[in-house]
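Working notes for the structure below.
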Amino acid sequence: MGFQTQPKEFEYMAPANLEDASKLYLSYGEKACILAGGTDIVPLMKRGLLAPECVIDITKIPDMSYIRLEDGVLKLGALTTIEDFRESPLIEQNYPALHMASEVMGSTIIRNLATVGANICRASPASDMAPPLVVLGANLRIFGPKGVRTTPIEDFFLGFGRSEMAAGEILCEIEVPASPDKQAFMKLKRTKEDLAKINISTAFNLSDDKCSGIKIALGSVAPKVVRAEKTEKFLEGKELSEANIEEAKRIICREINPIDDVRSTAEYRMEMSKVLLGRVIRLALKGGW
Ligand SMILES: Cc1cc2nc3c(=O)[nH]c(=O)nc-3n(C[C@H](O)[C@H](O)[C@H](O)COP(=O)(O)OP(=O)(O)OC[C@H]3O[C@@H](n4cnc5c(N)ncnc54)[C@H](O)[C@@H]3O)c2cc1C
């Protein structure tokens, strides 16, 4: 009597280093999927919405999860979990926008698994880590068949679920070069553990009541995270007075392109982007919640 073996639904590979992971990823191409915390891909695979031939588990690769400061640059391993972020005193004290984002992302169970690298690599417009990393001017270090390259996070996102990641490439580190005095992040969501209807982050320095180097980024209001450059240009060098914030609200409407979806309507998103702009600037000025 012979045994009938069920065909494997997918190959599972757990390479021990980045070189092997990259080679595997290159050889399988789009038929492979990287597994980090699994909070995005496992639900999709269970529902049959994603059916890779090969799952490449990168969690066995050493030294991919860390939060450290080197010569004033914050370095984050791609496999650092969101909960590690939330609990890090270094992040809480020096990078409040990142801390605030980690506080409102998912549930404790999700945060314990979800990694910061995957939150960026998925290129979801609702990513909670993207807006603060954009306003902090983060750079991504990406390992691939040609070695390691560095790219500004802003150039990385191309559209809904699309990034400039090439075949065989794996995000290994996120670098945050500076930490302006004033920072904040806010998010609107339907329930406590939901993706954003809108999220927004800002960072700036303040001297003699005037802001400089102001950056503003929003999520869930366009196919990819939006840097509100016209609004920034208007506010740059000015006092963040109520009158200036009111004018900035008028400008920001022209920089976003929200849609109706299961989480919200375009109209609500447009209105609330204005409200959140005022709130996030005031929150940053106040120095946190
Ligand atoms: C119930 C629930 C609530 C959620 N709430 C939120 C929320 O509030 N905010 C939010 O932003 N997200 C939320 N998410 C989405 C998800 O948790 C995050 O996007 C998370 O950061 C994904 O991390 P992961 O390690 O689990 O990803 P995985 O599922 O392991 O990986 C996702 C994909 O990212 C890519 N990838 C992962 N790591 C790398 C790498 N190093 N290099 C190259 N590609 C890589 C791969 O393509 C992989 O297929 C939620 C998900 C669930 C299920």
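The values are calculated or read from the model by the stated rules, or taken from the named source; none is laboratory data. Quick caveat, the model's predicted, so the values are computed rather than measured. Reconstructed Cβ throughout: ideal geometry from the backbone, glycine too, with neighbour counts over all protein chains shown. Each accessible area value is taken on the protein alone, full model and side chains, heavy atoms only, with ligands, DNA and RNA left out. Shrake-Rupley method; radii C 1.70, N 1.55, O 1.52, S 1.80 Å.
Just for strands (runs of 3 or more DSSP E) wholly inside region 1-92: which have at least 2 residues that are aliphatic (A, V, I, L, M) and touching a residue at least 60 places away in the same chain (Cβ under 8 Å)?
73-77
Yes or no: GLU247 at pLDDT 95 or above, in contact with an Asp or Glu (Cβ under 6 Å, 6 or more places away or on another chain) and more than 13 Å from ILE200 (Cα to Cα)?
no
Could you check region 149-168 and list, in sequence order, the residues that are touching a helix residue (DSSP H, G or I) at 6+ places or on another chain (Cβ under 9 Å), open to solvent by less than 20 Å² (accessible area, probe 1.4 Å) and within 28 Å of LEU277 (Cβ to Cβ)?
ILE153, PHE156, PHE157, listed by residue number.
Looking only at residues in region 83-103 that are among the hydrophobic types (A, V, I, L, M, F, W, C) and at pLDDT 95 or above, which one is farthest from GLU193 (Cα to Cα)?
Top of the filtered list is LEU90.
State whether one or more residues within region 92-112 are within 21 Å of ASP63 (Cβ to Cβ), within 15 Å of the ligand (Cβ to nearest atom) and surrounded by fewer than 18 Cβ atoms within 10 Å (Cβ to Cβ).
Checking region 92-112: at least one residue is within 21 Å of ASP63 (Cβ to Cβ), within 15 Å of the ligand (Cβ to nearest atom) and surrounded by fewer than 18 Cβ atoms within 10 Å (Cβ to Cβ).
If we keep just the residues of region 127-143 that are more than 6 Å from the ligand (Cβ to nearest atom) and touching a residue at least 60 places away in the same chain (Cβ under 8 Å), which is nearest to the chain's Cα centre (by Cα)?
Across region 127-143, the extreme among qualifying residues is ALA130.
(1) outside any strand (DSSP E or B); (2) out of contact with any Pro (no Cβ under 9 Å at 6 or more places or on another chain): which one isn't true of MET186, the others all being true?
(1)
Is at least one residue of region 193-201 open to solvent by 10 Å² or more (accessible area, probe 1.4 Å) and modelled with pLDDT of 95 or more?
No.
Being open to solvent by less than 40 Å² (accessible area, probe 1.4 Å) and of a type in the set (S, T, N, Q) is the filter here, so list the residues in region 125-148 that pass it.
Hit for region 125-148 is SER127, nothing else.
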